[in-house]
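K.L.:
This is the structure, below, for whatever I ask next.
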Amino acid sequence: MWSLKTAQRALIAAGCMAMIYTQFTMSPATIEFARSLGATGLHIGILGALPTMMLFFQFLAAVVANHLEYRRWLWLPISILQRLILVPVALVPWLYPSLSDTAWLWWLIVLTALNHALIHFTTPLWLSWLGDYLPHKGLNHYWGYRQVWMYWTGALSLLGGAVFLAESGYGIQVGFAWLVGVGAIFGVFDILFYLKIEEPPVAKVKEPKLKKVLMTPFLDPNFRSYISFTCFWHFAAMLGAPFISYYLLEYTGMDVFRLLLLWTCAWLGGAVFSKRLGSMADHYGNRPVLILCTAFKSTNMIGLLFLPQDPTIAFWIMVPVFIVDSLLNAGIAIANNGFMLKNSPSENRTMYIAAGTALAGLVGGITSILAGGFLVISSGWSVTIFGRDFNNFHLIFAISLVMRLVAAFYARSVREPDSHWTAQVIMKLVGVTPFRMMRFPVGLYRSFKTDELKGLSRREKRDRNRQEKAKLTQNAGSGPVE
């Protein structure tokens, strides 16, 4: 087995290969492929729902994990099968040339459902494995550093895919088949890296009663607050997120080459800032990073609401919007993983991870399907406001925008006793010292402090105030740090 340092490097390489697989098999090219088969808003809604609807398989994995000594030999074969599951749908033009487009489309949906079911069954096994193996000190920093490499790989992969589709001369159906085939190869190599990574034995619940295993995460008040927030966040996000690529293709007339370039740019924000966000989550806690990133996640909905029906102008408007959105997604991903790994016990960790994602996924999946059905029912609807036409896409984006703003306030209900104030993360980002922030504007500082103390018990508030007073006294003795 590899040493810890070698294993950490291997995990980065494996993550990069996984990113190539993901970008080639589940990129916006999939939406264009589905449109070429006659997909409607309902089909796109179902495809958008599957990544989250299948999250309930994480509960099954959590129950199974509690009966295993080691996760590796269950995780490995299922993960390899998952990496190959979409290959048949890509081979349809050669295997079944007479298959109708409608049947082909539904095969895509069915195999995509199986793909995500297998992904979500293996995810708690993988994440709990790493949670037991990797040292918790500096975990978010390492996770952010890993994501830097993964984001750059994702950007280069999408760029390569865009150039291939544009220059190969293949139509989207044959071109998509090539992308899936190449992606599957990288995906299998990703899994093989784990053959040499040490796995600690599973820490099992002492009394593995199914009801106790299932309910423990929900009885933890801190983790329950996180579950509640993620459920609402998935509802708010999935009202609009699954339809972004579909909207850009359908409404603005953007071609798949520009769309893939746009998503390539989207990875740049995460690539540049993931490492710093990981360090901040380590130093200040996962909660303030989660609050801060959620607060600005309505940016992409605002951009989509006011796009012109001109693919070139729309592309250049959305480039900075997507870069900022990628930065925010990176912060949310780091905070989510850090919160789940650091706030779950080694015993029953897979169930904590499943509870932190699966219930929210079900909420998001149902939301996506209902929103897709609404797009079909409301097809052709439009209204003119101040001389500008708004259609059914704009309506669901507007509702998602409002719900995302509500979620930004809801994020403050997440409880993580050891985390710092969100204001301190803002100070770090803008380079403002605590003393400057207290002097001007005093009201802003107090408002952040009030927000952060909401939801804490009196004892937690007293402990928090003592910690902050000690830090301020220490800073006063050493002088302001610029």
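The values are calculated or read from the model by the stated rules, or taken from the named source; none is laboratory data. Values in this document were obtained by computation on a predicted structure and should not be read as measured data. Cβ: placed from backbone, ideal geometry, glycine included. Neighbour counts: every protein chain shown. Only protein heavy atoms, including side chains, enter the accessible area calculation; ligands, DNA and RNA are left aside. Shrake-Rupley method; radii C 1.70, N 1.55, O 1.52, S 1.80 Å.
K.L.:
Limited to the range 117-149, what total is found for residues that are under 19 Å from D190 (Cα atoms) and either open to solvent by 30 Å² or more (accessible area, probe 1.4 Å) or among the aromatic types (F, W, Y) (or both)?
P.N.:
Residues that pass the stated criteria total 11.
K.L.:
Only one residue in I377, I399 is loosely packed, with under 13 Cβ neighbours inside 10 Å, among the hydrophobic types (A, V, I, L, M, F, W, C), out of contact with any Asp or Glu (no Cβ under 9 Å at 6 or more places or on another chain) and at pLDDT 80 or above. Which one? Show your work before the answer.
P.N.:
Working: I399 fails: loosely packed, with under 13 Cβ neighbours inside 10 Å.
Sole residue among the options that is loosely packed, with under 13 Cβ neighbours inside 10 Å, among the hydrophobic types (A, V, I, L, M, F, W, C), out of contact with any Asp or Glu (no Cβ under 9 Å at 6 or more places or on another chain) and at pLDDT 80 or above: I377.
K.L.:
Now, a different point. So how many residues does the range 165-201 have that are assigned to a loop (DSSP other than H, G, I, E, B) and either out of contact with any Ser or Thr (no Cβ under 8 Å at 6 or more places or on another chain) or not assigned by the TED database to the domain that holds F24 (or both)? Can you show your working first?
P.N.:
Filtering the range 165-201 for residues assigned to a loop (DSSP other than H, G, I, E, B) gives 168-171, 197-201.
Checking which are either out of contact with any Ser or Thr (no Cβ under 8 Å at 6 or more places or on another chain) or not assigned by the TED database to the domain that holds F24 (or both) leaves us with 168-170, 197-201.
Final tally of qualifying residues: 8.
K.L.:
Being out of contact with any His (no Cβ under 9 Å at 6 or more places or on another chain) and under 19 Å from K196 (Cβ atoms) is true for just one of Y145, Y70, Y151. Which residue is that?
P.N.:
Values: Y145 fails: under 19 Å from K196 (Cβ atoms); Y151 fails: under 19 Å from K196 (Cβ atoms).
Being out of contact with any His (no Cβ under 9 Å at 6 or more places or on another chain) and under 19 Å from K196 (Cβ atoms) holds for just one of Y145, Y70, Y151, which is Y70.
K.L.:
Oh, and also: Six or more apart or on different chains, Cβ under 8 Å: which pairs go from a residue in the range 381-410 that's under 11 Å from M301 (Cα atoms) to one that's of a type in the set (K, R)? Could you list them?
P.N.:
R404/K297
K.L.:
Name every residue in the range 156-174 that is of a type in the set (G, A, S) and buried (at least 21 other Cβ atoms within 10 Å of the Cβ), in order of residue number.
P.N.:
Step one: list which residues in the range 156-174 are of a type in the set (G, A, S), which gives 157, 160-162, 166, 168-169, 171.
Within the range 156-174, S157, G161, A162 meet the criteria.
K.L.:
Given (1) of a type outside the set (A, V, I, L, M); (2) surrounded by fewer than 19 Cβ atoms within 10 Å (Cβ to Cβ); (3) touching a Phe, Trp or Tyr at 6+ places or on another chain (Cβ under 6 Å), identify the lone condition not met by F186.
P.N.:
(2)
Let's see how each residue does on (1) in contact with a helix residue (DSSP H, G or I) (Cβ under 8 Å, 6 or more places away or on another chain); (2) under 30 Å from S128 (Cα atoms):
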| residue | (1), (2) |
| --- | --- |
| G365 | yes, yes |
| L370 | yes, no |
| S379 | yes, no |
| N391 | no, no |
| H394 | yes, no |
| V406 | yes, no |
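K.L.:
Here is a further query. For residues in the range 226-250 being open to solvent by 40 Å² or more (accessible area, probe 1.4 Å) and more than 15 Å from the chain's Cα centre (by Cα), which is farthest from W152 (Cα to Cα)? Steps first, answer last, please.
P.N.:
Here is the first cut: in the range 226-250, the residues open to solvent by 40 Å² or more (accessible area, probe 1.4 Å) are 228, 232, 234-235, 241, 250.
So of that shortlist, the ones also more than 15 Å from the chain's Cα centre (by Cα) come out as 228, 250.
Working: S228: 32, E250: 28 Å.
Selected residue: S228.
K.L.:
Let me ask something else about it. Output the residues belonging to the range 333-359 that are among the hydrophobic types (A, V, I, L, M, F, W, C) and either in the same structural domain as L127 (by the TED database) or open to solvent by less than 20 Å² (accessible area, probe 1.4 Å) (or both). Break it down stepwise before answering.
P.N.:
Let us first name the residues in the range 333-359 that are among the hydrophobic types (A, V, I, L, M, F, W, C), namely 333-335, 339-341, 351, 353-355, 358-359.
Scanning the range 333-359 gives I334, A335, F339, M340, L341, M351, I353, A354, A355, A358.
K.L.:
Taking the options L74, L95, L84, name whichever one is open to solvent by 30 Å² or more (accessible area, probe 1.4 Å), touching a residue at least 60 places away in the same chain (Cβ under 8 Å) and within 23 Å of F186 (Cβ to Cβ). Give the derivation first.
P.N.:
Numbers: L74 fails: touching a residue at least 60 places away in the same chain (Cβ under 8 Å); L95 fails: touching a residue at least 60 places away in the same chain (Cβ under 8 Å).
Among L74, L95, L84, only L84 is open to solvent by 30 Å² or more (accessible area, probe 1.4 Å), touching a residue at least 60 places away in the same chain (Cβ under 8 Å) and within 23 Å of F186 (Cβ to Cβ).
K.L.:
Does S27 meet the test of being open to solvent by 60 Å² or more (accessible area, probe 1.4 Å) and either among the aliphatic types (A, V, I, L, M) or out of contact with any strand residue (DSSP E or B) (no Cβ under 9 Å at 6 or more places or on another chain) (or both)?
P.N.:
Numbers: open to solvent by 60 Å² or more (accessible area, probe 1.4 Å): no; either among the aliphatic types (A, V, I, L, M) or out of contact with any strand residue (DSSP E or B) (no Cβ under 9 Å at 6 or more places or on another chain) (or both): yes.
In short, no.
K.L.:
So which residues in the range 1-25 are hydrophobic (A, V, I, L, M, F, W, C) and either closer than 20 Å to P93 by Cβ or in the same structural domain as V376 (by the TED database) (or both), if there are any at all? Steps first, please.
P.N.:
As a first pass, look at the range 1-25 and keep what is hydrophobic (A, V, I, L, M, F, W, C): 1-2, 4, 7, 10-14, 16-20, 24.
Residue satisfying the conditions is F24 alone.
K.L.:
Still on this structure: Identify all residues within the range 364-374 that are open to solvent by 50 Å² or more (accessible area, probe 1.4 Å) and either closer than 23 Å to I302 by Cα or modelled with pLDDT under 85 (or both); write none if there are none. Reasoning before the result, please.
P.N.:
Applying the first criterion (open to solvent by 50 Å² or more (accessible area, probe 1.4 Å)) to the range 364-374 yields 366, 369-370, 374.
Within the range 364-374, I369, L370, F374 meet the criteria.
K.L.:
Would you check which residues across the range 102-112 are surrounded by 13 or more Cβ atoms within 10 Å (Cβ to Cβ) and in contact with a Gly (Cβ under 8 Å, 6 or more places away or on another chain) and list them?
P.N.:
Answer for the range 102-112, where residues must be surrounded by 13 or more Cβ atoms within 10 Å (Cβ to Cβ) and in contact with a Gly (Cβ under 8 Å, 6 or more places away or on another chain): just L105.
K.L.:
State whether one or more residues within the range 272-287 are buried (at least 24 other Cβ atoms within 10 Å of the Cβ), at pLDDT 85 or above, touching a helix residue (DSSP H, G or I) at 6+ places or on another chain (Cβ under 6 Å) and not assigned by the TED database to the domain that holds C16.
P.N.:
No.
K.L.:
Does P124 fit the bill of being within 24 Å of the chain's Cα centre (by Cα) and either part of a loop (DSSP other than H, G, I, E, B) or outside the structural domain of G48 (by the TED database) (or both)?
P.N.:
When the stated conditions are applied, P124 does not pass them.
K.L.:
Let me ask another. Do we have F306 as surrounded by fewer than 23 Cβ atoms within 10 Å (Cβ to Cβ) and touching a strand residue (DSSP E or B) at 6+ places or on another chain (Cβ under 9 Å) here?
P.N.:
In short, yes.
K.L.:
Additional query: Please list, ordered by residue number, the helices (runs of 4 or more DSSP H) wholly in the range 1-119 having 3 or more residues that are touching a Leu at 6+ places or on another chain (Cβ under 9 Å) and more than 29 Å from L259 (Cβ to Cβ).
P.N.:
Helices (runs of 4 or more DSSP H) meeting the threshold: 4-25, 57-65, 72-84.
K.L.:
Hey, can you tell me all the residues within the range 251-265 that are over 15 Å from the mean Cα position of the chain (by Cα) and outside any loop (DSSP other than H, G, I, E, B)?
P.N.:
Of everything in the range 251-265, those that are over 15 Å from the mean Cα position of the chain (by Cα) and outside any loop (DSSP other than H, G, I, E, B) turn out to be V256, F257, R258, L259, L260, L261, L262, T264, C265.
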